[in-house]
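The values are calculated or read from the model by the stated rules, or taken from the named source; none is laboratory data. This is a predicted model, so every value here is computed, not measured. Counting neighbours? That spans all protein chains shown, and the Cβs are built from the backbone with ideal geometry, glycine included. In case anyone asks, the SASA skips ligands and DNA or RNA and just uses the protein heavy atoms, side chains included. Shrake-Rupley method; radii C 1.70, N 1.55, O 1.52, S 1.80 Å.
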Amino acid sequence: MGKETLIWEKLELVVPGFHGYKKKELMREDDRLVRAKAAEILAGARRELERALQRCAMVNCNMLMAIEDMRKRLVMLEGKVKHAEAGYAGYFDRVKIKEKELEKLIEYDAKMIELAEGIREKAGAISGAVADPSRLGGEVFALDDMLRNFEEVLEGRSAILRGE
């Protein structure tokens, strides 16, 4: 089939219960499932950073504040994802989500899940790198970039739902 099928298939594999936005009455539920899964993955990343903070405090590392700042960003992102606009427009809604916008939304959702998984992996790498200060700095900067990318994807998704 095509690129679209691969994105749908990936979401169907990663998000239990995902129906691929195929039926209008299931669109809100599918959207909620995708956002819940992304938030769950981000929560796992936050827990990894909390572990890293505990280790960092034990060895008195100099990245403690940077890691704490990223943990706070993850808490904020987790909330934004959980409570983001739904990927469905009702009959009387001002902004209507048509097929073209829905396809873009699905692409953003797939990217959001992919980035969240990468963030969780990088948070685990930070936890493992606390004892190696030379490696820890690079891991922290990489996670910062990943969080920025996730924020951009989330904003792009919101722009579609605002009709921009």
Q: Compute the length gained on full extension between residue 82 and residue 60: take 0.36 nm times their separation in residues and subtract their Cα-Cα distance, giving the result in nm to one decimal.
A: 4.5 nm
Q. For the residue pair residue 103 and residue 72, what label-to-label distance in nm results when each label sits 7 Å from Cα along the Cα-to-beta-carbon direction?
A. 4.2 nm
Q. Order of 58-64, 32-38 by packing, highest average Cβ count within 10 Å first?
A. 32-38, 58-64
Q) When all protein chains stay in place, what accessible area (Å², nearest 10, 1.4 Å probe) is found for residue 164? A) 150 Å²
